[in-house]
Structures are given as structure tokens and as C-alpha cells.
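The values are calculated or read from the model by the stated rules, or taken from the named source; none is laboratory data. This structure is a prediction, so every number in the text was calculated from the model and none was measured. Methodologically, a virtual Cβ is constructed for each residue, glycine included, from the backbone with ideal geometry; neighbour enumeration extends over all protein chains shown.
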Amino acid sequence: MAAGRVSDLTPVAVLGVALGGAVIVGFLEQVVAGLRPAPTALFGSANAALHEPLSRPDVRDGWLFHLAPGLLLLAATAALAFVPWAPGFRGIDLSTGMIAFPAALAYVTPAIFMAGWGAGRPLAVVGAFRWLALMLAYAMPLAMVTTAVAAPAGSLRPVDIVDVQHAVPMAIVQPLALVLWVPAILAVCFLRPFDFPQAPGELGGGAFSEYRGLDAALVGLAQRILLVAVSGMTAALFLAGWHGPVLPPALWMAVKTLGVALLLLWAGERLPRPGIDRVVSLAWKVANPLAIVAIAWGGLMTLIFYS
Amino acid sequence: MSNLATALVFWPSTALMLVTGANVFRTSSMARAGLLLLAALGIEGLVFLSLASEFLGVLQLLMMSGEMVIMVFFMVMFMPDPGGLMGMDMTHDKRRAATLAAAVGVGLAVLAVLTDWPARVIGTSAPDVRAIGFEVMGRSMVTFLFAAMTILFAMVGGVLLAKHGGRYGRDD
Amino acid sequence: MVSLPVVLAVAGVMFGIGLYGALGQTNAIMVIMGVELMLGAAMLNVVGFLRYSWPHATSGAFFVLIVMTLMAVEAAVGFALVVSAFRNSRTAEIDDLTELKG
């Protein structure tokens with residue numbers, strides 16, 4: 001790969017960030033829910049999930065059903081690998097990282113489809129199809145916003161985009177891009193208020209309702225890793241990554257990532273879940289045209305300030 | 001990429017790609033057929049990466065995921081037995097198609113191996129993103145515009161063909 | 001050892017598999033899937049040449065980009081046609097869509 005670097009320790013480090021991040025997100029979820037952070041509760045539930053007998057619910061398509069959590073986990077970890085954390089630890093530093101990141105996130109869609117279809121229950125299948133409609137609607141603003149954000153840096157490498165923000169964070173230069181980015185990544189992580197695949201109130205549990213034990217634990221782990229990945233990428237793309245006055249770069253990045261994650265969880269807790277038809281029509285009628293405007297704005301900013 | 005790394009990624013990916021591609025037409029479950037095609041074309045993206053085409057490989061991975069899931073969606077809508085529970089055989093002319101396909105496939109492979117390709121190994125890096133960008137926006141801009149117009153016409157035409165009431169609209 | 005003939009041979013085999021699908025399947029969507037495999041094989045050919053013969057040919061990379069785009073476009077138009085055919089004749093099997101047969 002032409003200009004990318006994968007040192008020997010990078011995969012291990014990425015896995016460490018994934019698992020550590022998932023644990024921290026678990027804590028944040030407890031904080032947001034108003035409970036006191038209790039490590040025992042977190043590890044206790046994980047332990048219980050792992051020790052449940054590996055049940056095989058009577059599902060229609062066993063292969064797809066049991067492969068789906070693995071694919072979800074793979075997509076989440078691959079997305080996490082492209083986030084740059086510090087000048088010394090850049091994850092997988094591809095020169096086309098800003099295409100690779102949405103590519104990794106895009107595999108959440110087949111995974112959820114496999115989960116719903118494999119389960120074979122009518123409501124699970126409908127949940128999977130609903131998710132497909134939602135993701136199609138929000139995948140385009142996601143990709144277009146990455147174009148708008150990559151324009152000032154003149155490069156698709158996330159490290160270059162972080163470096164171009166050493167003076168001014170991108171959130172100030174391109175606020176429209178940020179406004180479009182947040183719902184898109186919320187939709188990708190199937191977090192509230194966009195958690196149509198698996199919310200308890202929607203379609204009797206939705207696409208993941210048939211998962212038990214280890215499979216369910218893997219899905220939860222994948223969702224938390226996804227949250228860490230998109231929060232990290234938001235901090236890198238819009239909040240100037242590791243640039244900051246006093247603290248070392250890695251610490252700034254960690255602070256910003258956790259801040260974004262906390263904000264997303266808190267927003268999910270507070271905001272009601274709108275009907276899916278409203279969300280999808282909002283995406284097609286409002287978000288997609290505005291994404292084109294965001295690209296034009298990004299180009300304008302590049303011409304004026306960054307060239 | 002070093003030769004060893006290339007070979008390590010290329011051979012398993014290629015084998016998996018051909019196996020999943022062949023199985024697309026052997027399974028009777030529509031969801032599995034679409035997802036096997038996703039696997040085949042997605043792994044082709046990995047093959048591109050192993051052949052040092054970083055941009056094209058990543059782009060292939062990105063595009064195939066959405067495209068194939070849409071394909072599965074349509075198959076479930078329009079096929080008589082999407083779950084594959086009855087194991088219907090949806091082929092016609094199987095023997096002729098198989099012999100023709102085998103002949104063409106083996107013929108191309110033999111042609112590839114036996115031809116005396118001019119030996120040019122200049123470097124191991126495919127064009128990088130900047131170069132492709134300059135190409136698209138510079139020399140190939142007209143082609144790009146034509147492709148864009150084609151996409152626009154396809155979108156409009158597709159919506160027109162598929163909307164309720166057909167192309168001429170309904171009276172009500 | 002991965003070299004140009006190997007890549008071209010693999011692409012040739014993949015083309016054959018796609019051809020089997022395009023010729024042998026009765027459902028229109030399965031035919032489209034066969035065509036997608038054939039286009040994928042063509043792209044693999046070009047990428048092989050990019051790697052082993054002309055590493056700096058940006059027009060080759062552009063060609064692959066256009067083929068990828070047109071794969072999606074062709075699939076979209078194909079699906080629209082299937083939808084339309086299904087609405088009119090309640091079937092998407094190409095053996096039954098014989099209105100224009102002489």
C-alpha cells in the first residue's frame with residue numbers, strides 16, 4: 001500500500017483501544033442513565049452473557065444468523081483502525097483513509113440484514129429492511145461530508161485532515177458538515193434516537209431480538225466499539241484531533257473522543273425516537289441536498305483559506 | 001507491498017472470491033445468493049489492495065456493500081421463493097450454458113498463461129489518489145461528465161419506470 | 001508467485017463463472033448478478049495490468065472507476081425494469097417475458 005504504514009504493534013494496539021473503549025463506553029452509558037458507575041455490574045453482565053449455554057434458537061438461516069455478530073464486530077474494529085489517535089499512533093495510516101472509514105462502516109448494513117433475515121421471524125426481517133432504508137438514506141450524507149472535510153486538507157488521509165486544523169477546528173469552518181455528520185453517524189451506530197434495528201419498543205425488538213448469550217454480547221460489544229470509532233473520527237475530523245494547548249496529544253484526543261461519546265449518549269437518552277418514515281424522508285429531502293451545499297461550502301473555504 | 005505479503009493476501013482472497021462467486025448460482029436461497037455475491041465482489045476489493053491499488057480496492061469495498069444489499073432487497077421482493085425452502089431450480093439450458101462458460105473461462109485462462117506478455121516491471125505502486133484526482137478533473141473530465149450524465153439519466157429513467165402507475169401515470 | 005498471467009487467468013475464470021450465471025439463470029436479477037461478476041473480472045484485468053505493466057497509467061485507474069460506477073447504474077436500471085415487468089406481467093422470469101417474440 002503506497003503511502004501507508006502498518007507497524008507490527010498496530011493491530012494489537014487497535015484491539016486494545018477497541019476493548020478498552022468499549023468498557024469506558026459501558027461506564028458512560030451507566031452515567032448517562034443516571035446510575036452510579038458500577039464496574040461489577042458491567043463485568044457481571046458480560047460474564048453472565050459469556051457463561052450462558054451456547055443456545056441455538058430455532059432460526060431460519062443459521063449460517064447468516066451466527067455470522068452476523070462476527071461481521072458487525074469486524075466492521076466496528078476495522079472502522080476503529082482508521083482513526084488517528086496521536087502523531088505516534090495513527091492506526092492503519094492509509095492514504096485513502098477517508099474512503100476506508102465509510103467503507104468499514106458500510107458493512108454494518110449487511111451484518112444487520114443477515115441478523116434479521118437469519119432469524120426468520122417476520123418482525124426481525126422487517127426490522128432488517130427498515131434498517132436498510134435508514135442506512136441508504138444516511139450513507140450518502142456521510143460520504144459527502146467526508147468529501148467536504150477532506151477538501152481543505154487536499155488529502156484523504158485522516159492525519160492530514162487533523163494537521164490542517166492546527167489553527168482552527170473544522171467545526172468552526174464547516175458547521176453545516178458537522179450538523180449533517182452527527183445524525184449520519186448516530187444512524188450508523190444504531191444509537192438512540194436512531195436505534196430502529198434493536199430498540200425494545202420497535203417491532204418487538206427488531207432485528208437482534210433472537211440473539212442470546214454470546215451472540216448478543218458480541219452485538220453489544222460491536223455497538224460500543226462503533227461508538228468509540230465514530231466519536232474518535234468526529235474528534236479527529238471536526239474538533240482538531242490532538243491539537244491543543246497544554247496536554248499531550250494522546251490525552252487531548254482521548255478527552256475529545258470521550259466528550260463526543262458522552263454527548264451522543266446523552267442526546268440519545270434525551271431525544272425521543274421519531275417515526276422511521278419521518279427520519280427517512282428528512283434524510284432524503286433535507287440532508288442530501290444540504291450535503292451538496294456542504295461540499296460547495298467546503299470547496300469555497302478551501303479556495304479562500306486553505307490554498 | 002512485498003512479494004510475500006502480496007501472495008499471502010492474493011491467493012486466499014482469490015480462492016475465496018471464486019468459490020463464493022460460483023456458489024452464487026448454486027444456492028437456492030436468495031438472501032444467501034446476494035450475500036455471496038457481496039462476499040465475492042468485496043473480496044475482489046481485497047485482491048485490488050493486494051495488487052497495490054489502494055484507492056480502487058477501498059472504493060470497491062465501499063460500493064459493493066450497499067449495492068449488494070439493495071440487490072437482496074429486490075430479490076426478496078420479486079422472486080418466487082426467496083427463502084430457498086423449496087429448492088427450485090431456476091436455470092434453463094444448464095448444460096449449454098455450463099459448457100460455453102467453461103470453454104470461455106478456460107480459454108481465457110489458457111490465453112493469459114500462454115501469451116508472451118511484454119516484460120515491463122517498472123514499479124510496484126499503482127497511481128496514488130492525487131494522480132487519479134488530477135486525471136479525473138483534468139484529462140478525463142469529458143468522460144467523467146458523460147458518466148455523470150449517464151447516472152442522472154439512469155436515475156430519472158429508473159424512477160420513471162418503477163413508479164406506481166407506470167410511465168404514463170394513472171387517471172386517479 | 002503472483003504475476004500478470006496469474007491475475008489474468010483468475011479474471012478469466014471469474015468471467016466464465018459470471019457467464020454461466022448470465023446465460024443459465026432464468027430470473028432477471030440473477031442474470032444481472034452474472035453480469036456484475038463479468039464486470040468484476042474485467043476490472044481485475046485492468047488492475048493486473050496497472051500493477052505489472054503500466055504502474056503510472058492513471059487512465060487505467062479511471063477506467064476501473066467508470067466501470068464500477070456503471071456496474072451500479074446498470075444494476076439500478078435493471079432493477080427498475082424488473083419492477084416494471086413485474087407490475088405488468090406478474091413475473092420476473094425471462095422465459096415468461098415473451099411478448100415481443102415473433
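Assorted remarks:
- Considering the conditions (1) surrounded by fewer than 17 Cβ atoms within 10 Å (Cβ to Cβ); (2) of a type in the set (S, T, N, Q); (3) under 18 Å from the mean Cα position of the chain (by Cα), A:Gln223 is excluded by exactly one of them, (1).
- Within the range B:11-38, the residues that satisfy the criterion of being over 24 Å from B:Pro80 (Cβ atoms) and surrounded by 22 or more Cβ atoms within 10 Å (Cβ to Cβ) are B:Thr14, B:Met17.
- Some residue of the range A:197-206 being crowded, with 24+ Cβ neighbours inside 10 Å and among the hydrophobic types (A, V, I, L, M, F, W, C): no
- Scanning the range A:92-103 for residues that are more than 8 Å from every other protein chain (Cβ to nearest Cβ) and surrounded by 24 or more Cβ atoms within 10 Å (Cβ to Cβ) yields a count of 3.
- Test: residue in the range C:20-27 that is under 11 Å from the mean Cα position of the chain (by Cα) and farther than 20 Å from B:Leu59 by Cα: yes
- Tallying residues that are more than 20 Å from B:Met75 (Cα to Cα) and at the interface with chain B (Cβ under 9 Å from one of its Cβ atoms) within the range A:109-155 yields 4.
- Output for the range B:13-33, where each listed residue is assigned to a helix (DSSP H, G or I), of a type in the set (A, V, I, L, M, F, W, C) and touching a helix residue (DSSP H, G or I) at 6+ places or on another chain (Cβ under 7 Å): B:Leu16, B:Met17, B:Leu18, B:Ala22, B:Val24, B:Met30, B:Ala31, B:Ala33
- Selected residue [surrounded by fewer than 22 Cβ atoms within 10 Å (Cβ to Cβ), within 30 Å of B:Lys163 (Cβ to Cβ) and at pLDDT 90 or above] from C:Val73, C:Val83: C:Val73
- Taking the listed residues C:Val64, C:Val35, the one that is surrounded by fewer than 19 Cβ atoms within 10 Å (Cβ to Cβ) and within 24 Å of B:Ala154 (Cα to Cα) is C:Val35, with no other qualifying.
- Verdict on A:Leu262 being among the aliphatic types (A, V, I, L, M) and assigned to a helix (DSSP H, G or I): yes
- Filtering A:Ile276, A:Ile292, A:Ile304, A:Ile225 for residues that are in contact (Cβ under 8 Å) with a residue 24 or more places away in the chain and within 30 Å of A:Val168 (Cβ to Cβ) leaves a single hit, A:Ile292.
- Residues considered: C:Phe86, C:Phe62, C:Phe49, C:Phe15. Of these, the only one that is more than 7 Å from every other protein chain (Cβ to nearest Cβ), assigned to a helix (DSSP H, G or I) and of a type in the set (Phe, Trp, Tyr) is C:Phe49.
- Selection status of B:Phe78, closer than 15 Å to A:Met114 by Cβ, surrounded by fewer than 24 Cβ atoms within 10 Å (Cβ to Cβ) and within 7 Å of another protein chain (Cβ to nearest Cβ): no
- Here B:Ala102 qualifies as surrounded by fewer than 20 Cβ atoms within 10 Å (Cβ to Cβ) and without any contact (Cβ under 8 Å) to a residue 24 or more places away in the chain.
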